[in-house]
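Engineer: Structure incoming, see below.
The values are calculated or read from the model by the stated rules, or taken from the named source; none is laboratory data. Treat the numbers as computed from the prediction; the structure is a model and nothing was measured. Positions of Cβ are backbone-derived with ideal geometry, glycine not excepted, and every protein chain shown enters the neighbour counts. Just the protein is used for accessible areas: all its heavy atoms, side chains included, with ligands, DNA and RNA removed. Shrake-Rupley method; radii C 1.70, N 1.55, O 1.52, S 1.80 Å.
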Amino acid sequence: MTYLLALDQGTSSSRAIVFDARGHIVAMAQREFRQIYPQPGWVEHDALEIWDSQLATAREALAKANLKAADIKALGITNQRETTVVWNRKTGQPIYHAIVWQDRRAEPTCARLREQGHGPLVQGKTGLVIDAYFSGTKLKWILDHVPQAREQAERGELAFGTVDSWLVWRLSNGEVHATDVSNAARTMLFNVHENRWDEELLKLLDIPASVLPAVHPSAHEYGRVAAEHLGGAITIGGIAGDQQSALFGQACFKAGMAKNTYGTGCFMLMHTGPRFQTSANGLITTSAAQSTSTPEFALEGSVFIGGAVVQWLRDGLHAIKGSSEVQSLAESVPDAGGVMFVPAFTGLGAPYWKAEARGAIVGLTRGSTVAHIARAALESIAFQSAALLQAMSRDAVAAGGAPVSELRVDGGACVNNLLMQFQADLLGIPVVRPQVIETTALGAAYLAGLSTGVYSGLEELGEHWRAERRFMPTMARERAMELMAGWEKAVRQACAD
């Protein structure tokens, strides 16, 4: 039997999963690590803690599977995107904490770039909007604020990387400084048309090219894990940012195929093939995971508060004791009773981009109960995702394609049948849940298997994908449209001054 090891380095925990060649989970291990909040709007991680936790889970997963390094054909990495690490090439020590994707400290730099009119240049080359979310301005902040950092960078003594690059560097004992196109595409420094670092963008942010990693396709033999770490050398055969990895793990290889990951937030990506398409509907364009050197793209939209709304019901409202109770509470009423819940705790993401919006519960009457609010909270995840998919379909049709015909789903909240059925009803298309919902890690394993000859190509991988359940729409389209109109009205109220 052939085995693949996936390292899934997330925002709050590091995981490792051993898969067999058919994509079935053999063993899994997970460890949480510290979240560091130095001041409001700042979020950091200790990069050494990330490394220690990821290495520990890899060893634990191998032990649970009763396997040795020699049994693993290849290792794949998927990671929290945009999080920025800078380290000394000689000592291997980070010069500052990792600045996390959620961190907003670089917003003044972004505001200045927007005011200077650089938005069209950045979007044209990278597919991204100018935002503190992306890595480039975080890297600039470290070089500008850590003593001697810029001088060290100019002398070629420092290395920059997103979390995947940091892990590859540590795994290879400093032999390999590299990333893949899907992570490079999230830096605001990478020309996605030509798959290379862009000199004009580097100059704009005053970034010396010497700090940058080499960029390869997502399925690529990057190097080897040093034998001391896992008891033997293993080929590092695949890397992709978490959302692109999930798109790959869902076998969405063709233009028009879409997936939604229901986690703390929701991330929806639609493959657009070799076509670079800018959105007229508030989405960003990003590089998809690539198995060759030919650029491939996806449209992406993110919902800031997805499953986190259930945590708020538990921790903020104390309406439930555990997240697992929300479905039974919501099912105790036939519908939300006219209640709409807009969970804009940190503003609204795509397709609205309303940073000033705040959470709102509207439509309350004397007959409203905590069960109605719980149901409205669950439904808010589906409403936000439906608004995203409608925006995606409008972009697809405008580009001469077809609207999305089915939505593949993954992530923790996709196990909620009530939510998935309501999602299908709102969208009017099938919502399909796969047998393996750990698609982020599975995508990394598939990429590693592809580069090392475990799989013959994308066609074989597509045949591995299996549906566990298809949720078919049962609601009349007129009723679904009424509900969406009600949602948009509630969004306007949440955005009102």
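Engineer: Which residue out of R105, R114 is at pLDDT below 95 and open to solvent by less than 50 Å² (accessible area, probe 1.4 Å)?
Structural biologist: R105
Engineer: So for the stretch 76-90 (the condition being among the charged types (D, E, K, R) and surrounded by 19 or more Cβ atoms within 10 Å (Cβ to Cβ)), does at least one residue qualify?
Structural biologist: Yes, some residue in the stretch 76-90 is among the charged types (D, E, K, R) and surrounded by 19 or more Cβ atoms within 10 Å (Cβ to Cβ).
Engineer: Can E379 be described as out of contact with any Gly (no Cβ under 8 Å at 6 or more places or on another chain) and open to solvent by 20 Å² or more (accessible area, probe 1.4 Å)?
Structural biologist: In short, yes.
Engineer: Does the stretch 250-261 contain at least one residue that is part of a strand (DSSP E or B), of a type outside the set (S, T, N, Q) and in contact with a Leu (Cβ under 9 Å, 6 or more places away or on another chain)?
Structural biologist: The answer is yes; a qualifying residue exists.
Engineer: Of the conditions (1) open to solvent by less than 20 Å² (accessible area, probe 1.4 Å); (2) in contact (Cβ under 8 Å) with a residue 60 or more places away in the chain, G273 fails just one. Which one is it?
Structural biologist: Only one criterion is unmet by G273, namely (2).
Engineer: Further question on the same structure: Filter the helices (runs of 4 or more DSSP H) completely within the stretch 70-182 down to those with at least 1 residues that are more than 27 Å from Q35 (Cα to Cα).
Structural biologist: Result: 107-115, 119-126, 149-154.
Engineer: Output the number of residues of the stretch 310-364 satisfying the condition of being assigned to a helix (DSSP H, G or I) and modelled with pLDDT under 80.
Structural biologist: The number of residues fulfilling the criteria is 2.
Engineer: From the residues in the stretch 455-474 that are among the aliphatic types (A, V, I, L, M) and open to solvent by 50 Å² or more (accessible area, probe 1.4 Å), which one is modelled with the highest pLDDT?
Structural biologist: M472
Engineer: Is it true that G161 is of a type outside the set (A, V, I, L, M), surrounded by 22 or more Cβ atoms within 10 Å (Cβ to Cβ), farther than 22 Å from G76 by Cβ and touching a helix residue (DSSP H, G or I) at 6+ places or on another chain (Cβ under 9 Å)?
Structural biologist: Spelling it out, it is not the case that G161 is of a type outside the set (A, V, I, L, M), surrounded by 22 or more Cβ atoms within 10 Å (Cβ to Cβ), farther than 22 Å from G76 by Cβ and touching a helix residue (DSSP H, G or I) at 6+ places or on another chain (Cβ under 9 Å).
Engineer: Within the stretch 419-435, take every residue that is open to solvent by less than 10 Å² (accessible area, probe 1.4 Å) and in contact with a strand residue (DSSP E or B) (Cβ under 7 Å, 6 or more places away or on another chain) and give me the one that is nearest to A467 (Cα to Cα).
Structural biologist: P434
Engineer: Would you point out the residue of the stretch 30-59, among those that are open to solvent by 60 Å² or more (accessible area, probe 1.4 Å) and within 23 Å of F19 (Cβ to Cβ), that is modelled with the highest pLDDT?
Structural biologist: Filtering first and then ranking leaves R59.
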